[in-house]
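**Student:** Here it is, the structure, as structure tokens.
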Amino acid sequence: MEFIKKYLIKIIIFVVFVSWVSLILIDFFRAKDMKKPLICLSEKSEKKYNGEYYECTSFGYVYFEFAKEDETKDYGFRAIFSPDPIEKEYGNE
């Protein structure tokens, strides 16, 4: 019985890990097409640096868009713990 419990726990952990990695890959390729992630735990939209900034936080990663006044858009996908490239690029202005 102990063997079955350990085996079942390993299977559950494996399935959760594979699901999480799959979600990251799906959302990464959606971000390349400028689409929002499938699951968005928190959203933030604000005006800063003379443009509109949108950020969607999911399970360990962030999708962001920055629409400048001249109608160009920057968008990307980053880890939740990495610095914001928009803040890095436009923060010194």
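**Student:** Determine whether segment 2-17 contains at least one residue that is under 27 Å from T72 (Cβ atoms), over 14 Å from the mean Cα position of the chain (by Cα) and surrounded by 10 or more Cβ atoms within 10 Å (Cβ to Cβ).
**Tutor:** No, segment 2-17 contains no residue that is under 27 Å from T72 (Cβ atoms), over 14 Å from the mean Cα position of the chain (by Cα) and surrounded by 10 or more Cβ atoms within 10 Å (Cβ to Cβ).
**Student:** Could you figure out which of (1) free of Cβ contacts under 8 Å to residues at least 40 places away in the same chain; (2) surrounded by 13 or more Cβ atoms within 10 Å (Cβ to Cβ); (3) not aliphatic (A, V, I, L, M) isn't true of F77?
**Tutor:** (1)
**Student:** Between a residue in segment 28-40 that is over 21 Å from A67 (Cβ atoms) and at pLDDT 85 or above and any residue that is of a type in the set (G, A, S) and open to solvent by 80 Å² or more (accessible area, probe 1.4 Å), which pairs come within a Cβ distance under 7 Å, given they are 6 or more apart or on different chains?
**Tutor:** Taking only residues 6 or more apart or on different chains, not a single pair turns up.
**Student:** Can you name the residue in segment 18-29 that is open to solvent by less than 100 Å² (accessible area, probe 1.4 Å) and not small (G, A, S) and is also farthest from the chain's Cα centre (by Cα) among such residues?
**Tutor:** Checked segment 18-29; the qualifying residue farthest from the chain's Cα centre (by Cα) is V18.
**Student:** The conditions are (1) outside any helix (DSSP H, G or I); (2) in contact with a strand residue (DSSP E or B) (Cβ under 8 Å, 6 or more places away or on another chain), and D27 fails exactly one of them. Which is it?
**Tutor:** Here D27 meets the rest and fails (1).
**Student:** Also, quick follow-up: Within segment 30-69, work out how many residues are in a strand (DSSP E or B), within 8 Å of the chain's Cα centre (by Cα) and either surrounded by fewer than 18 Cβ atoms within 10 Å (Cβ to Cβ) or of a type in the set (V, I, T) (or both).
**Tutor:** Looking only at that region, the number is 2.
The values are calculated or read from the model by the stated rules, or taken from the named source; none is laboratory data. Remember, it's a predicted structure, so these values are computed and weren't measured experimentally. Note that we place each Cβ from the backbone using ideal geometry, even for glycine, and neighbour counts take in every protein chain shown. Protein only, heavy atoms only, side chains kept; ligands, DNA and RNA dropped before computing areas. Shrake-Rupley method; radii C 1.70, N 1.55, O 1.52, S 1.80 Å.
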